[in-house]
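Below is one structure, written out as structure tokens; the observations come after it.
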Amino acid sequence: MRQQKRGKEQEQKNLWSVRMRAGMGDVHISGAEGIFEEKDVAKAIGAYSRRAFAHSKGKPDALVLKAELLSAPPVAITSLPVFTVRTKNPQEARQKSVELLISSGVSRRAAGAALKILRAGGLKGAALLDAKDGGRLDQEIKKGVRASMLGITKKAERELLAGLKHAGINEGHKRVKDALVIASKVAAAPEILAELCISDDPDYTTGYVAGARLGYIRLPGIKKTGGSEGGRVFFIKKGSVKEGRQLDRLIEYLGETPVVVGKISSVNDIITLHGPKSKGSKTLDNLKPGGKKIIFKKS
Ligand code: PML
């Protein structure tokens with residue numbers, strides 16, 4: 001992990017992980033989780049069950065709520081910086097996602113393989129792909145790998161929500177928060193180069209690319225409303241998980257090491273991305289994946 005600091009805010013308290021999964025038969029409907037002080041556990045359980053019954057994917061026939069006392073304090077991390085890129089249509093958004101992934105070191109082949117997996121949908125966790133050849137590394141775990149045991153402090157949450165409002169991001173605050181927490185934990189694993197996510201909710205059409213070099217780059221409108229495709233792909237640096245045990249350790253970190261976002265890095269204005277530098281455009285230091293500058297204009 002890149003940031004090994006144990007959060008001061010969490011150190012002295014008994015903290016609980018609260019997780020919710022709701023489904024209908026084999027179909028996943030909704031999921032949510034957080035890390036809470038004991039006094040907030042009942043409130044979190046109430047809020048998560050209300051959320052499970054109010055999902056646009058329909059009513060579940062199974063709702064699983066799990067609360068567990070953490071045996072060790074969570075690792076505190078800083079969130080990735082948030083960017084939102086405006087594009088004209090889903091095709092352009094997907095094209096930008098590929099360009100961003102490539103500029104962060106993912107091969108075109110692996111980016112293409114990821115889009116194919118997400119187009120097919122049906123994942124229960126994230127697919128792990130080799131960032132160079134696009135080969136699937138989670139073959140035995142067909143349903144994918146889960147990033148779990150994560151949360152955000154109340155202070156960081158307030159700061160994030162205020163930042164999103166200030167940046168004019170007025171829809172889907174909770175989703176942005178949940179997804180940013182996941183992406184920040186995933187990006188803190190040195191083996192992971194980047195992530196591509198497209199929401200699998202037919203009513204939510206935003207996706208993102210993320211990584212330690214990229215930040216968290218939102219791509220609204222990456223799919224058409226009504227589409228049930230989507231999911232997550234994590235791109236693994238070539239050679240970092242050659243042996244089974246290394247892969248097991250990464251999967252264990254993603255699923256079992258408690259991590260809390262304790263600090264918000266930045267929430268930036270909505271931008272458009274450009275290739276060559278043109279009049280009125282600027283470069284953004286945070287968006288220099290792989291040493292290449294990405295040019296943007298505030299839109
Ligand atoms: C999901 O909740 O379905 C994934 C959300 C991805 C995008 C969240 C955002 O708007 O930043």
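The values are calculated or read from the model by the stated rules, or taken from the named source; none is laboratory data. Just so it is clear, the structure is predicted and the values come from calculations on it, not from any experiment. All Cβ positions, glycine included, derive from the backbone under ideal geometry; neighbour counts span all protein chains shown. The area values use the complete protein model at the heavy-atom level, side chains included, leaving out ligands, DNA and RNA. Shrake-Rupley method; radii C 1.70, N 1.55, O 1.52, S 1.80 Å.
Could you please find all residues in the range 12-52 being closer than 22 Å to Leu254 by Cβ and among the charged types (D, E, K, R)?
Selection gives Arg19, Arg21, Glu33.
Going residue by residue through the range 117-129, is there one that turns out to be in contact with a His (Cβ under 8 Å, 6 or more places away or on another chain) and either open to solvent by 30 Å² or more (accessible area, probe 1.4 Å) or β-branched (Val, Ile, Thr) (or both)?
Within the range 117-129, the first condition is being in contact with a His (Cβ under 8 Å, 6 or more places away or on another chain), and the residues that meet it are 124.
Keeping just the survivors that are either open to solvent by 30 Å² or more (accessible area, probe 1.4 Å) or β-branched (Val, Ile, Thr) (or both) gives 124.
Yes: one or more hits.
If you check Asp178, Asp201, which single one turns out to be open to solvent by less than 10 Å² (accessible area, probe 1.4 Å), within 13 Å of the ligand (Cβ to nearest atom) and in contact (Cβ under 8 Å) with a residue 24 or more places away in the chain? Steps first, answer last, please.
Numbers: Asp178 fails: open to solvent by less than 10 Å² (accessible area, probe 1.4 Å).
Just a single option satisfies the conditions, and that option is Asp201.
With respect to Glu171, determine if the residue is of a type in the set (D, E, K, R) and closer than 17 Å to Asp201 by Cβ.
Working: of a type in the set (D, E, K, R): yes; closer than 17 Å to Asp201 by Cβ: yes.
Considered against the rule, which asks whether it is of a type in the set (D, E, K, R) and closer than 17 Å to Asp201 by Cβ, Glu171 comes out as yes.
With the requirement that a residue be modelled with pLDDT of 95 or more and assigned to a helix (DSSP H, G or I), what does the range 103-116 give you?
Selection gives Arg108, Arg109, Ala110, Ala111, Gly112, Ala113, Ala114, Leu115, Lys116.
Scan Ala183, Ala156, Ala111, Ala188 and give me the residue that is open to solvent by less than 30 Å² (accessible area, probe 1.4 Å), under 16 Å from Ile251 (Cβ atoms) and within 18 Å of the chain's Cα centre (by Cα).
On the way: Ala183 fails: under 16 Å from Ile251 (Cβ atoms); Ala156 fails: under 16 Å from Ile251 (Cβ atoms); Ala111 fails: under 16 Å from Ile251 (Cβ atoms).
Result: Ala188 is the single residue among Ala183, Ala156, Ala111, Ala188 that is open to solvent by less than 30 Å² (accessible area, probe 1.4 Å), under 16 Å from Ile251 (Cβ atoms) and within 18 Å of the chain's Cα centre (by Cα).
Can you pull out the residues in the range 59-79 that are free of Cβ contacts under 8 Å to residues at least 40 places away in the same chain and either surrounded by 12 or more Cβ atoms within 10 Å (Cβ to Cβ) or assigned to a strand (DSSP E or B) (or both)?
Lys59, Pro60
Residues being open to solvent by 20 Å² or more (accessible area, probe 1.4 Å), over 17 Å from Lys154 (Cβ atoms) and not aliphatic (A, V, I, L, M): count how many of those fall in the range 26-45.
Number of matching residues: 3.
Scanning the range 251-275 for residues that are of a type in the set (Asp, Glu) and touching a residue at least 60 places away in the same chain (Cβ under 8 Å), which turns out surrounded by the fewest Cβ atoms within 10 Å (Cβ to Cβ)? Let's see the steps before the verdict.
Looking only at the range 251-275, we keep the residues that are of a type in the set (Asp, Glu), and these are 252, 256, 269.
Restricting the remaining residues to those that are touching a residue at least 60 places away in the same chain (Cβ under 8 Å) gives 256, 269.
Numbers: Glu256: 11, Asp269: 13.
Looking at residues that are of a type in the set (Asp, Glu) and touching a residue at least 60 places away in the same chain (Cβ under 8 Å), I get Glu256.
Condition check ((1) within 22 Å of Arg108 (Cα to Cα); (2) out of contact with any His (no Cβ under 8 Å at 6 or more places or on another chain); (3) part of a helix (DSSP H, G or I)) across all residues:
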site	(1), (2), (3)
Asp138	yes, yes, no
Leu161	no, no, yes
Gly168	no, yes, no
Lys174	no, yes, yes
Asp178	no, yes, yes
Ile182	no, yes, yes
Cys197	yes, yes, no
Asp203	no, yes, no
Tyr208	yes, yes, no
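How about the range 83-102: which of its residues are open to solvent by 10 Å² or more (accessible area, probe 1.4 Å) and either over 26 Å from Lys177 (Cα atoms) or not in a helix (DSSP H, G or I) (or both)? Steps first, answer last, please.
Just the residues of the range 83-102 that are open to solvent by 10 Å² or more (accessible area, probe 1.4 Å), to begin with: 86-92, 94-96, 98-99, 102.
Selection gives Arg86, Thr87, Lys88, Asn89.
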